[in-house]
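The values are calculated or read from the model by the stated rules, or taken from the named source; none is laboratory data. Quantities reported herein were computed from a predicted structural model and do not represent experimental measurements. Note that each Cβ is placed from the backbone with ideal geometry, even for glycine, and that neighbours are counted across all protein chains shown. Just so you know, the surface numbers come from the protein's heavy atoms only, side chains and all, with ligands and any DNA or RNA stripped out. Shrake-Rupley method; radii C 1.70, N 1.55, O 1.52, S 1.80 Å.
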Amino acid sequence: MKKATKLLLGCLGATAFAIAPAMGGNKEKAKAFIGRNYAHRGLHTEDKQIPENSLPAFAAACDAGYGMELDVQLSKDGEVVVFHDDTLNRVCGVDARVDDLTLAELKELSLCGTKETIPLFTEVLAVVDGREPLIVELKTGPKNDELCEKTLAILREYKGEYVIESFDPRIVRWFRLNAPDIIRGQLAMKPERYDQSYPVWQKFALGNCMMNFMARPNFIAYEIGDYPLLVQLEFLMGAVKVGWTSHENTHEADHDMVIFEFYKPERFYR
């Protein structure tokens, strides 16, 4: 019986160690960002007249007073561009990966059939110009360290408020080690929502944020729904609770920050 008790306590302790967020005042550190609504990929429109992750989408979000979420990744020639998908099919109608093309080639493509093109991260920052806070998601890829280094260098020159996040705990860990002053977040969703190419154990670990021991995130940005028990425990352990992507004005009461699209909520709710 004693061995079984020790084993159980050991397993509980190991699990607590694995899932624990950064300890000590995460909500205090993130107070400038809490209680706000954030426009998902800018204030783009459902009819795609203002495309996602476009300069007009970020300008519109700023004009409305919203914080913004955006995505960064590398072009073939190592430029930091703002674009969500790994491939260009859905938004640009081109069967290629973003990192297959140079910046010049990417700039030739249309976003959702409009006159807008894929912006540089620096171009987006110039439009926002510190007016509203940013949630910067770093997309995982073959050159994670290069993306982290270049994104950090750009952010260090920027005067506005921002946090970073990623689905890849290795990226969040990079910022923990190299820029511990920057508020960092772990993105996640239910295990079954991850790509089917992932082994079951990896989907379970990612969906329950069990790699937090690497990254020790200040916040967890989770797909809105019924949260797994371990994720609920992580919020109880002090992680700032961020929900994505809201399509109705009903998620503010039980989230510290809300990432929304296709409606216009209040700027602040706390």
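Observations
- Amide proton proximity set for Leu43, modelled H, under 5 Å, gap of 5+: Phe58, Ala60, Ala61
- Remark on the chain: ratio of C-alpha radius of gyration to 2.2 N^0.38 Å is 1.02.
- Amide hydrogen proximity for Ile224: with H placed 1.01 Å from N in the peptide plane, the residues at 5 or more positions away or on another chain lying under 5 Å are Trp244, Thr245.
- In this simple spin-label model, placing a label point 7 Å from the Cα along the Cα-to-Cβ direction at both Leu12 and Glu105 gives a separation of 5.6 nm.
- Accessible area of the chain belonging to carbon and sulfur atoms, whole % at 1.4 Å probe: 55 percent
- With the cut-off at under 20 Å, measuring from each backbone N in segment 169-183 to a point 7 Å along the Cα-to-Cβ line of Arg156 picks out 171-183.
- Heavy-atom accessible area for Cys62, with the other protein chains in place and a 1.4 Å probe, reaches approximately 10 Å².
- Phe204 - accessible surface, heavy atoms, 1.4 Å probe, Å² rounded to 10: 110 Å²
- Dividing the summed helix terms, -39500 (n - 2.57) for each DSSP H run of n ≥ 4, by the number of residues in the chain produces a 222 nm estimate of -9000 deg cm²/dmol to the nearest 500.
- Lysine pairs in segment 125-211 whose alpha-carbon atoms fall under 19 angstrom of each other, counting only those eight or more residues apart or on distinct chains, come to 5.
- Dipole moment magnitude, nearest 20 debye, segment 37-162 about Cα centre, only Lys, Arg, Asp, Glu C-beta charged: 120 debye
- Probe 1.4 Å, accessible area per residue of the chain, Å²: 47 Å²
- Taking label points 7 Å from Cα along the Cα-to-Cβ direction, Glu192 and Arg131 give a separation of 4.2 nm.
- Between Tyr38 and Val258, Ile259, Phe260, the built amide H atoms are under 5 Å apart, and every one of these is 5 or more places off in sequence or on another chain.
- Accessible area in the full protein assembly, largest first, 1.4 Å probe, for Leu134, Leu233: Leu233, Leu134
- Over 20 Å [Cα-Cα, segment 130-270], rounded percent: 49 percent
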